[in-house]
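Everything below concerns the one structure shown next.
The values are calculated or read from the model by the stated rules, or taken from the named source; none is laboratory data. Please read all numbers here as calculations on a predicted model, not as lab measurements. Note: ideal-geometry Cβ built from the backbone for every residue, glycine included; neighbour counts use all protein chains shown. In case anyone asks, the SASA skips ligands and DNA or RNA and just uses the protein heavy atoms, side chains included. Shrake-Rupley method; radii C 1.70, N 1.55, O 1.52, S 1.80 Å.
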Amino acid sequence: MGKEEPSDSPFKLKVYDISSVSATVEVEPLDKTAPYYMDIINEGDFNQAQQYGFDDYMSWFLTNLKEQTGKPHDEVVEMISSYGNDGFILTSLQPETKYYAFAVGIGPDGMTTTEVISQAFTTHKKEVSDNTISIETGEITYELAEFNISTTTDENYLFTIEPAIIVKDMSDTELTDYIIQNNIAWGGLEQMTYSGYQTIEWQGKAGWDYVAVAFGYSKGAVTTEI
């Protein structure tokens, strides 16, 4: 944890639940009505932004976003703006790497209006499990399917069913990222988390092709093969 911000600081910044690939950030602004931008960037990008100024960084960042989204400048600025107490979970970090979480006030042009409040942190060593997970199908009917999941340890894993047309061309890394990102925002990962032997009944749509997926998952990190 970083040092306590003074009472007149534009933001209170908190970073917690740090794993090998993820971290949670919460920001409490002094001015609840003014827009601000918050993010996590690696040490090299942060040091460069400090050296050349965060307006230079914001200009580069907004230009990239406009190219990626095709949106005009004002819409991109509004898209990245936060108001009041806000936070996020980032799950695409690299293990054993130093990062900076930061918050800074921004104006309608996306340029900075306050000092940058930041906190450095380092992600943990990648966790690897020797858990082996096996999926066997049981009875399958018109709309229902039964799955028996066996494991060699009691460590946590995620199990889900995805439409084949969506995930069939994804690599293992793309598939695990898709499942995590698609469910983390609304809290769905908790409902998908299991340990040990499980028999699961699932209802789908008749005639659809599906893929059953399981992989070890702990503290924001994939810990086994998929």
- Query: With a ≥ b ≥ c the root eigenvalues of the C-alpha gyration tensor of segment 31-84, is it rounded (a/c under 1.5), prolate (a/b larger than b/c) or oblate?
  - Reply: oblate
- Task: Please name whichever of 53, 175, 106 sits farthest to the positive end of the charge dipole of segment 49-201, dipole taken about the Cα centre and charges placed at Cβ: Lys and Arg +1, Asp and Glu -1.
- Result: 53
- Message: Given a 1.4 angstrom probe, I'd like the percentage of the accessible area of the chain that is carbon and sulfur, rounded to a whole number.
- Response: 47
- Item | Compactness of the chain as Cα Rg over 2.2 N^0.38 Å, two decimals | 1.23
- Note on the structure: Set 71/168; 12/219; 71/219; 14/126; 32/219; 168/205, cut-off 28 Å on Cα-Cα distance; pairs above it are 71/168; 71/219; 32/219
- Under a no-solvent Debye model with one identical scatterer per Cα of segment 54-95, what's log10 I(q)/I(0) at q = 0.24, 0.32 Å⁻¹? -0.95, -1.01
- Message: Rounded, prolate or oblate for segment 131-185? Axes are the square roots of the Cα gyration tensor eigenvalues, ordered a ≥ b ≥ c, and the cut-off for rounded is a/c under 1.5.
- Response: oblate
- Once the principal axes of the Cα atoms of segment 1-127 are found, what is the range along each, listed largest first in whole angstroms? 42, 36, 26
- Rank-order 81-91, 149-159 by packing density, defined as the average count of other C-beta atoms within 10 Å over each peptide's residues, highest first. 149-159, 81-91
- What is segment 126-224's relative contact order, in percent, from Cα pairs under 8 angstrom and six or more apart in sequence? 45
- Task: Report relative contact order for the chain in percent, whole number only (criteria: Cα-Cα under 8 Å, sequence separation at least 6).
- Result: 23
- Computed about the Cα centre, the charge dipole of segment 62-188 from +1 Lys/Arg and -1 Asp/Glu charges at the Cβ has a magnitude in debye, to the nearest 20, of 500
- Task: Quick one: which residues, 5+ away or cross-chain, put their amide H under 5 Å from the amide H of residue 211? H built at 1.01 Å from N.
- Result: 162, 164
- Query: Once phi is turned into θ = phi - 60°, what whole-Hz ³J(HN,Hα) does the Karplus curve with 6.51, -1.76 and 1.60 give for every residue of segment 124-134, x standing for Gly and Pro?
  - Reply: 7, 5, 4, 8, 10, 10, 9, 5, 10, 10, 10
- Note on the structure: For residue 19, other-chain or 5+-apart residues with amide H closer than 5 Å (H placed, Pro excluded) are 124
- Item | Candidates 180, 161, 140, ranked by Gaussian network fluctuation over the chain, Cα under 10 Å, top entry | 140
- ³J(HN,Hα), Karplus 6.51/-1.76/1.60, whole Hz, each residue of segment 67-84, x for Gly, Pro: 5, 6, 9, x, 8, x, 4, 5, 5, 5, 4, 5, 4, 8, 7, 10, 9, x
- Express the accessible area of segment 62-144 per residue in Å², computed with a 1.4 Å probe while the remaining protein chains stay in the model. 59
